[in-house]
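Accompanying notes for the structure given below.
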Amino acid sequence: MEQGFFITGTDTDAGKTWATVSLMHYFKRQGKSVVGMKPVASGCLQYQGKLKNADALLIQANATVPIEYDVVNPYAYENPISPHIAGLDNPLLASIVIERFNTLKNKAQIILVEGAGGWLSPLSYQMDVADLAKQLGLPVILVVGMQLGCINHARLSWQAIKFQQLPLAGWIAVCKDPHMRELERNIETIKNYLDGPLLGILPFMENADFNQLSTFLSV
């Protein structure tokens, strides 16, 4: 591994997976080998006798090398609820996630780890997203879902990440609402509040073209 990033968001459905896969394409265009990981996912369906998550499958499919699903997503929960509740019978253990992460370190130059929910979302009754990110020690990229309320969410999340004293690589704006009013002004306002670089603005798309979306990024 040459470089890794931890991808978190301002909330559930902020656009973390779109940002993660777009980043995978960005690094691939630079000639880098890249893999991704989604340590925990809720809302999984049965595929070939195993619970699997659509976002984790997308991350797996866009890696430059084949990676077993259980390495990409070691904790797959069926119910689409908070992981700390969904995983009562199989709670997340940081040691397992770190073991799988270390496996990936030998597979590619770039590793992207996508969190679940927002920065302080609980992953178990002992650990939240922030705790896991701190144990992995990766620079953090904050994904801001552009919608009403995003300025407050972005500022609170940014301050919380800084409180953990983790390096902040920057933030990505994901345009979720094609009818959002004053989109540009909202982005400019967030830029003025966050003391880190805007790494890209991913435009709204009905169906993601990740190769195209990757052209809007600069990391």
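The values are calculated or read from the model by the stated rules, or taken from the named source; none is laboratory data. Small disclaimer: the values here were computed from a predicted structure and weren't measured. Every residue, glycine among them, receives a Cβ derived from its backbone with ideal geometry; neighbour counts consider all protein chains shown.
Give the residue that is surrounded by the fewest Cβ atoms within 10 Å (Cβ to Cβ), with candidates limited to residues of the stretch 15-70 that are part of a loop (DSSP other than H, G, I, E, B) and of a type in the set (Val, Ile, Thr).
Here is the first cut: in the stretch 15-70, the ones part of a loop (DSSP other than H, G, I, E, B) are 15, 30-33, 38-39, 43-44, 48-49, 53, 62-68.
Still in the list and also of a type in the set (Val, Ile, Thr): 64-65, 67.
Details: THR64: 16, VAL65: 10, ILE67: 20.
Filtering first and then ranking leaves VAL65.
If I go through the stretch 1-14 residue by residue, how many of them are surrounded by 23 or more Cβ atoms within 10 Å (Cβ to Cβ) and among the polar types (S, T, N, Q)?
2
Being within 18 Å of ARG29 (Cβ to Cβ) and in contact with a strand residue (DSSP E or B) (Cβ under 6 Å, 6 or more places away or on another chain) is true for just one of GLY196, GLY200. Which residue is that?
Step by step, each of GLY196, GLY200 is checked, and only GLY200 is within 18 Å of ARG29 (Cβ to Cβ) and in contact with a strand residue (DSSP E or B) (Cβ under 6 Å, 6 or more places away or on another chain).
Give me the pairs, please: first residue somewhere in the stretch 22-41 and among the basic types (Lys, Arg), second residue anywhere and part of a strand (DSSP E or B) and at pLDDT 95 or above, beta-carbon distance under 6 Å, and either six or more positions apart or on two chains.
Close Cβ pairs (under 6 Å, with a partner that is part of a strand (DSSP E or B) and at pLDDT 95 or above) amount to LYS28/VAL34; LYS32/ILE110; LYS38/GLU114.
Condition (residue is farther than 27 Å from PHE204 by Cα and not basic (Lys, Arg)) applied to the stretch 142-151: is it met by at least one residue?
So far as the stretch 142-151 goes, no, none of its residues is farther than 27 Å from PHE204 by Cα and not basic (Lys, Arg).
So, ASN79, is that one among the polar types (S, T, N, Q) and in contact with a helix residue (DSSP H, G or I) (Cβ under 6 Å, 6 or more places away or on another chain) or not? Walk me through it before giving the result.
Numbers: among the polar types (S, T, N, Q): yes; in contact with a helix residue (DSSP H, G or I) (Cβ under 6 Å, 6 or more places away or on another chain): yes.
It is true that ASN79 is among the polar types (S, T, N, Q) and in contact with a helix residue (DSSP H, G or I) (Cβ under 6 Å, 6 or more places away or on another chain).
Mind checking which pairs have a first residue in the stretch 132-149 that is within 30 Å of PRO91 (Cβ to Cβ) and a second that is among the acidic types (Asp, Glu), Cβ under 7 Å, 6 or more apart or different chains?
Close Cβ pairs satisfying both conditions: GLY145/ASP11; GLY145/ASP13.
Pull up the stretch 71-104, narrow it to residues that are assigned to a loop (DSSP other than H, G, I, E, B) and of a type in the set (S, T, N, Q), then point me to the one that is nearest to the chain's Cα centre (by Cα).
ASN73
When the stretch 133-191 is examined, which residues are found to be over 29 Å from ILE98 (Cβ atoms) and in contact with a helix residue (DSSP H, G or I) (Cβ under 7 Å, 6 or more places away or on another chain)?
If we filter the stretch 133-191 for residues that are over 29 Å from ILE98 (Cβ atoms), which is where we start, we get 146-152, 155, 173, 175-191.
Listed by number, the residues that qualify are MET146, CYS150, ILE151, ARG155, ALA173, CYS175, ASN186, THR189, ILE190.
Based on what the data block shows, is GLN135 over 17 Å from TRP18 (Cβ atoms), modelled with pLDDT of 95 or more and under 18 Å from the mean Cα position of the chain (by Cα)?
Taking the combined requirement at face value, the residue satisfies it.
Name every residue in the stretch 51-70 that is hydrophobic (A, V, I, L, M, F, W, C) and either more than 19 Å from TRP18 (Cα to Cα) or more than 17 Å from the chain's Cα centre (by Cα) (or both), in order of residue number.
LEU51, VAL65, ILE67, listed by residue number.
How do the pairs read when you match residues in the stretch 79-90 that are within 14 Å of LEU45 (Cα to Cα) with residues anywhere that are assigned to a loop (DSSP other than H, G, I, E, B), using Cβ under 7 Å and keeping only pairs 6 or more apart or on different chains?
From residues that are within 14 Å of LEU45 (Cα to Cα), the pairs are PRO80/GLY43; ALA86/ASN79.
Give the stretch 4-14 a look and list any residue that's in a strand (DSSP E or B) and either among the small types (Gly, Ala, Ser) or farther than 14 Å from VAL219 by Cα (or both), or say none.
Selection gives GLY4, THR8, GLY9.
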